[in-house]
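The values are calculated or read from the model by the stated rules, or taken from the named source; none is laboratory data. All figures in this text were calculated on a predicted structure; none of them were measured in a lab. When we count neighbours, we look across all protein chains shown, and the Cβ atoms used for this are built from the backbone with ideal geometry, even at glycine.
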Amino acid sequence: MIYLDHNATTPVDPAVAEKMAWFLREHFGNPSSIYPIGRRAKELMTEAREKVAAALGVDRGEVFFTGSGTESDNFAIFGTLEASPGKDEFVTSAIEHPAVMETAKALERRGSKVTYLPVDARGLIGLDDLRSALTPRTGLVSVMHANNEIGTIQPIAEVVRIAHERGIPVHTDAVQTFGKIDLDARKLGVDYLTVSAHKIYGPKGVGALVVRKGAAICPFLRGGRQERGLRAGTENTAGIIGFGEAVRVLEEKGRKERARIEHLAETLKAGIEKNVPGARFNGHPTNRIKSTVNFAFPGLEAEAILLALATKEIYVSTGSACSEESEEVSHVLRAIGLAPEIARSAIRMSLGRSNTEEDISVVLRELPEIIRKLKSITAFHPEG
């Protein structure tokens, strides 16, 4: 099996699985209980919080555990706007993850004004567009750190500077950048930042929201006093322990593993450009998460390419895993200006720790042949 869909999810690292299994065997106390077995669970959860905080350059008191990256995005958006009466306008980009896009649509249904910043052909927002979108009623700006489909990295520090000049807080979804590039919430200057465990070889069902000290936010889930009263409900303690261990492994493997993955991805990109006539690369050529490789193959259907690759046990994606079952054309590819018929031909390959040079050699042998065969049986196949 050659797995090239790490942006959708990553396999759980063996050390993470072992740590979680140990916790589940040895510890069952509720971390909110004050007797010894509860306190021990709380201590282990605090250790995990400290690891996540250190990796993101923040204090542990600024890290709030959630059930997913999607929940963290919802928490940041709804919680911030609720905490800012009279500031009901929301500014975001046209290529956000569905966790933000669908939340924006919900705001519109409630009567809020939402501005979707356009992007250029490489997926970058325009800072002048951002300036024009801000008003005295803007309660939050949310721009993802890097796009999950094409990998383009946004100028978040500049977004923060522009918004903060007007007293407007900023949220960024950093799910796709955590572990792939240097990520320091303090240096970015954001008020709220989202990450997820299952994108860094941790378990599914646990995420985190960084809330800068002093930033206004209302509780997302109401009930008990868990997560300092901002996110009620007994925490997914085993998942949080696994999240902390995933961060420890991430710090241990560090830049060396990241450089290896990026080299493989660049080899894959160059090989497709050389060996597949008409292949169209999507995204920024340099300012992107390099482990994300997105190509359109005009005249073909992405699903046909995906299924043909799957017969060779090569697994790729046609876009966001959270919208994979939708028949709609990717909103990201539409936003960068691709015609629907071109957008429908695009596949995403996202690399990770499991990939090897042999994997890339196999893909570069099989993919051009698959494209050739599919074009031979397709009446319409423009080269570009």
- Task: Identify the residue in the stretch 231-277 that is basic (K, R) and over 13 Å from T66 (Cα atoms) and, among all such residues, is farthest from the chain's Cα centre (by Cα).
- Result: K274
- Message: Just to check your reading of the model, which residue among E262, E273 is surrounded by fewer than 20 Cβ atoms within 10 Å (Cβ to Cβ) and over 17 Å from L4 (Cα atoms)?
- Response: E273
- Item | Selected residue (only one of L264, L268 is modelled with pLDDT of 95 or more, under 21 Å from K373 (Cα atoms), assigned to a helix (DSSP H, G or I) and aliphatic (A, V, I, L, M)) | L268
- The number of residues in the stretch 156-176 that are buried (at least 18 other Cβ atoms within 10 Å of the Cβ) and over 22 Å from A104 (Cα atoms) is 0
- Task: Please enumerate the residues belonging to the stretch 130-155 that are closer than 16 Å to V100 by Cβ, surrounded by fewer than 24 Cβ atoms within 10 Å (Cβ to Cβ) and of a type in the set (A, V, I, L, M, F, W, C).
- Result: L130, A133
- Considering only the stretch 123-141, state which residues are part of a helix (DSSP H, G or I) and out of contact with any strand residue (DSSP E or B) (no Cβ under 8 Å at 6 or more places or on another chain). L127, D128, R131, S132
- Regarding V114, is this residue touching a residue at least 24 places away in the same chain (Cβ under 8 Å), surrounded by fewer than 18 Cβ atoms within 10 Å (Cβ to Cβ) and in contact with a helix residue (DSSP H, G or I) (Cβ under 9 Å, 6 or more places away or on another chain)? yes
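I need the full set of residues from the stretch 281-305 which are buried (at least 18 other Cβ atoms within 10 Å of the Cβ) and not in a loop (DSSP other than H, G, I, E, B), in order please.
Once the filter is applied, which keeps residues that are buried (at least 18 other Cβ atoms within 10 Å of the Cβ) and not in a loop (DSSP other than H, G, I, E, B), the stretch 281-305 yields N282, R288, T292, V293, N294, F295, A296, A302, I305.
A quick yes/no check of all residues on (1) farther than 22 Å from V332 by Cα; (2) among the basic types (K, R); (3) under 20 Å from the mean Cα position of the chain (by Cα); (4) part of a loop (DSSP other than H, G, I, E, B):
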{"position": "G86", "(1), (2), (3), (4)": "yes, no, no, yes"}
{"position": "V100", "(1), (2), (3), (4)": "no, no, yes, no"}
{"position": "T115", "(1), (2), (3), (4)": "no, no, no, no"}
{"position": "A121", "(1), (2), (3), (4)": "no, no, no, yes"}
- Residue count for the stretch 327-365, restricted to those that are assigned to a helix (DSSP H, G or I) and buried (at least 17 other Cβ atoms within 10 Å of the Cβ): 10
- Message: Where the second residue is among the acidic types (D, E) and buried (at least 18 other Cβ atoms within 10 Å of the Cβ) and the first is under 19 Å from V190 (Cα atoms) and assigned by TED's automatic domain parsing to the domain that holds P31 and lies in the stretch 215-233, which pairs have Cβ atoms under 7 Å and are six or more apart or on separate chains?
- Response: A215/D191
- Residue set L124, L107; condition in contact with a His (Cβ under 9 Å, 6 or more places away or on another chain) and at pLDDT 95 or above; output residue L124
- Item | Those residues of the stretch 69-103 which are among the small types (G, A, S) and surrounded by fewer than 20 Cβ atoms within 10 Å (Cβ to Cβ), in sequence order | A83, S84, G86, A94
- Here are A238, A208: which of them is at pLDDT 95 or above, surrounded by 15 or more Cβ atoms within 10 Å (Cβ to Cβ) and in contact with a strand residue (DSSP E or B) (Cβ under 6 Å, 6 or more places away or on another chain)? A208
- Which of the residues that make up the stretch 142-184 are under 17 Å from the mean Cα position of the chain (by Cα) and outside any loop (DSSP other than H, G, I, E, B)? S142, A146, T152, I153, I156, V170, H171, T172, D173, F178, I181
